[in-house]
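K.L.:
I'd like to ask some things about the structure below.
Laboratory data are not the source of any read-out in this text; all were calculated from the coordinates shown. This is a predicted model, so every value here is computed, not measured. Cβ placement follows ideal geometry from the backbone for every residue including glycine, while neighbour counts extend to all protein chains displayed.
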Amino acid sequence: MKSIEAVNHYFNRAADELELTDNMRTLLLTAKREVQVQIAVEMDNGELQTLIGYRVQHDNSRGPMKGGLRFHHEVDLDEVRSLASLMTWKTAVVNIPYGGAKGGIAVDVRKLSDRELERITRKFVDELHDIIGPDTDIPAPDMGTNAEVMAWIMNQHNKYHGFNPGVVTGKPMDHYGIPGREEATGRGVGILSLKMVGRLGHRPQTTRVAIQGFGNVGSHAARFLYEADCQVVAVSDISGGYFCAEGINIPEAIQYANEHKRQLEGFPGADKITNEELLELDVELLMPAALGGVITAENAPRIRAPLIVEAANAPVRPDADEMLTERGVTILPDILANAGGVTVSYFEWAQNRQFYSWNLDRVRQELERVMTVAFEEVWELARERDVSLRTAAFMLGIGRVGRATVLAGIT
Ligand code: NAD
């Protein structure tokens, strides 16, 4: 099943509950615009490289389109399409005034120098500057991109359209960014994980956690849960998994990764396991926070965690989702769980427009408020309609986008 088919599957399950007509489904599922561009750059060694970049603008009925930029060698149009659609439902679930979009370049960033990364980013903006902007489509970081990349995007866009920091979010703190943006997705995931732990009758102190992915999202979620007294017994990254039955010292692991090119290879505070073994550990909470599609019909029967929190986008395939739900595993879906990043991006964008800054405490408070309201709405709807949290989250998002679309008038 392609990634977009997986998202559409979840959409249709919720659309059935909402009794949406076929015509309305087609309208809501069809992207507004899909762009593929050529990015021709000279590498440091003088060789010419031609890359492919994408921007899919899925929906703008509730506001400017919003979504990350992924630089990863596996990026393709199918993946970008599915992630753009997820953004539409995600911004609607947390009820911020945005639509959905996503972009990416098929490139292995690990093989690029900083100068090459900058040239590629600026070239991408040269190709796209007319269709992105603070009132139309606002990119943000995702896998393989960071605050520095966002600063280059702002600078390059401003050369064409004049000064406007609101064209992109996730910028560096010293360059129109907001405190707390970098931690926001992981922190939001952590806040909702603790709520789920409580709802399922566990206490943090007796909750063992396994986290796949130790990048921006995984490491911040790990720190939040560690500080909340959970036992984070396993973490992993592209170099493999790291397990310690007594709980990993997460601040030490973060420091180690920071000192070793953001990787845990050789981390002394844990035993080495594989990424596959991590997913199958005997823990109370499993958190995929790296790639999509890692929990499949093949490994689902071996998953032992009663609770999965989707920190990554689309980590559970639909067939696995069905098998796990049947077995009574609770899944907190991506469009709710990892919405903290786009929420704080919204705060950053709003402040860029007002030239006014909040401090970190205020950002954290507002993040918690927005995430909590969305969580309670999804939880209540799931109980009321006797559906999974994923279906309830999609129902909430589709309802909001559908109403905005109809209210705007379709002629
Ligand atoms: P990142 O690039 O900072 O980190 C990715 C992590 O995954 C790294 O630790 C990397 O080593 C690891 N990884 C890569 N390939 C792997 C593999 N094959 N097996 C195991 N681990 C692997 O990315 P991120 O920003 O933390 O994003 C992680 C996920 O969260 C993605 O699915 C992304 O779409 C999603 N997400 C991110 C944000 C955000 O604000 N950054 C917001 C919402 C959702």
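K.L.:
With +1 on each Lys and Arg Cβ and -1 on each Asp and Glu Cβ, and nothing else charged, work out how big the dipole of the chain is about its Cα centre, in Debye to the nearest 20. All intermediate terms of the calculation are to be shown ahead of the outcome.
P.N.:
Values: 43 positive and 57 negative charges, 194 e Å.
Dipole of the chain, to the nearest 20 debye: 920 debye.
K.L.:
Got a sec to turn the phi values of region 309-322 into Karplus ³J(HN,Hα) couplings, 6.51 cos²θ - 1.76 cosθ + 1.60 with θ = phi - 60°, whole Hz, x for Gly and Pro?
P.N.:
10, 7, 6, 6, 7, 6, x, 10, 6, x, 5, 5, 4, 5
K.L.:
Is there a quick way to get the dipole size of region 85-134? I mean about its Cα centre, with the Cβ of Lys and Arg at +1 and of Asp and Glu at -1; what is the value in debye to the nearest 20?
P.N.:
180
K.L.:
Oh, and also: If amide hydrogens are placed 1.01 Å from N in the peptide plane, which non-local residues have theirs closer than 5 Å to the one on MET65?
P.N.:
Sorted by chain and number, the residues that satisfy this are GLY99, ASP137, ILE138.
K.L.:
Taking θ as phi - 60°, what are the ³J(HN,Hα) couplings along region 126-141 by the Karplus curve (6.51, -1.76, 1.60), each to the nearest whole Hz, with x for Gly and Pro?
P.N.:
Rounded to whole hertz, the list is 3, 7, 10, 4, 6, 10, 10, x, x, 10, 10, 7, 10, x, 7, x.
K.L.:
What percent does the relative contact order of region 272-411 come to when contacts are Cα pairs within less than 8 Å and at least six residues apart?
P.N.:
Details: 150 pairs, mean separation 24.1, N = 140.
Over region 272-411, the number comes to 17 percent.
K.L.:
Then there is this: Under a 5 Å amide H to amide H cut-off, with H placed in plane at 1.01 Å, what residues pair with ASP229 once short-range neighbours are removed?
P.N.:
Sorted by chain and number, the residues that satisfy this come to none at all.
K.L.:
Kindly provide the GluC sites (Glu not before Pro) of region 157-255 that DSSP labels as loop, not H, G, I, E or B, and whose Cβ sees at most 14 other Cβ atoms within 10 Å.
P.N.:
In loop regions of region 157-255 (DSSP not H, G, I, E or B), the sparsely surrounded GluC sites (Glu not before Pro) are GLU246.
K.L.:
Using only the Cα atoms of region 115-184, build the gyration tensor, take square roots of its eigenvalues as a ≥ b ≥ c, and label the shape rounded, prolate or oblate: rounded if a/c is under 1.5, else prolate if a/b is larger than b/c, else oblate. Working shown, then result.
P.N.:
Working: a/c = 1.69, a/b = 1.24, b/c = 1.37.
It is oblate, given that a/c is not under 1.5 and a/b is not larger than b/c.
K.L.:
Hey, another quick one. Structure shown: which of LYS111/LYS261; LYS90/LYS159; LYS90/LYS195; LYS32/LYS102 lie over 21 Å apart, alpha-carbon to alpha-carbon?
P.N.:
Those over the limit are LYS90/LYS159.
K.L.:
So what's the gap between the Cα centers of region 203-257 and region 258-312, to the nearest angstrom?
P.N.:
Each part's Cα centre sits 10 Å from the other's.
K.L.:
With a 10 Å radius around each residue's Cβ, average the other Cβ atoms per peptide and rank 388-399, 100-111, 22-33, highest first.
P.N.:
388-399, 100-111, 22-33
K.L.:
Could you list which residues have their amide H under 5 Å from that of HIS72, counting only those 5 or more apart in sequence or on another chain, with H placed in the peptide plane?
P.N.:
Distant-sequence amide H within range of HIS72: ILE105, VAL107.
K.L.:
Turning to a different aspect of this structure: Out of ALA253, TYR226, VAL342, whose Cα points farthest toward the positive end of the dipole of the chain (charges: +1 Lys, Arg; -1 Asp, Glu; placed on Cβ)?
P.N.:
Comparing the listed Cα positions along the dipole, VAL342 ranks first.
K.L.:
Classify region 1-141 as rounded, prolate or oblate from the Cα gyration tensor: take a ≥ b ≥ c as the square roots of its eigenvalues, call it rounded if a/c is under 1.5, otherwise prolate when a/b beats b/c and oblate if not.
P.N.:
Prolate, because a/c is 1.5 or more and a/b exceeds b/c.
K.L.:
Please go through region 125-175 and write out the chymotrypsin sites (Phe, Trp or Tyr not before Pro) that DSSP classes as loop and that have at most 13 other C-beta atoms within 10 Å.
P.N.:
PHE163
K.L.:
Right, next: Roughly what % of DSSP beta bridges within the chain run antiparallel, to the nearest 5?
P.N.:
Restricted to the chain, the bridges split so that about 50 percent are antiparallel.
K.L.:
Could you point to the residue in VAL80, THR91, VAL109 farthest towards the positive end of region 62-120's charge dipole, with +1 and -1 charges on the Cβ of Lys/Arg and Asp/Glu respectively?
P.N.:
THR91
K.L.:
Applying a 10 Å radius around every beta-carbon, put 405-411, 338-344 in order of their mean neighbour count, most first.
P.N.:
Values: 405-411: 9.6, 338-344: 27.9.
So the peptides 405-411, 338-344, ranked by packing, come out 338-344, 405-411.
K.L.:
Separate question: Among VAL168, VAL309, VAL197, which one shows the biggest mean-square fluctuation in a GNM of the chain, springs joining Cα atoms closer than 10 Å?
P.N.:
Taking springs between Cα atoms under 10 Å, the residue moving most is VAL197.
K.L.:
Which percentage, to the nearest 5, of the DSSP beta bridges contained in region 84-242 is antiparallel?
P.N.:
On the way: 4 of 9 bridges.
Restricted to region 84-242, the bridges split so that about 45 percent are antiparallel.
K.L.:
Here is a further query. Using only helices, what value at 222 nm comes out for the chain when you add -39,500 (n - 2.57) per DSSP H run of length 4 or more and divide by the total residues, to the nearest 500 deg cm²/dmol? Let's see the in-between values first.
P.N.:
Working: 14 runs with 191 residues, N = 411.
About -15000 deg cm²/dmol.
K.L.:
Still on this structure, I have one more. Can you work out the base-10 log of I(q)/I(0) for the chain at q = 0.07 1/Å, using the Debye formula on its C-alpha atoms alone?
P.N.:
-0.30
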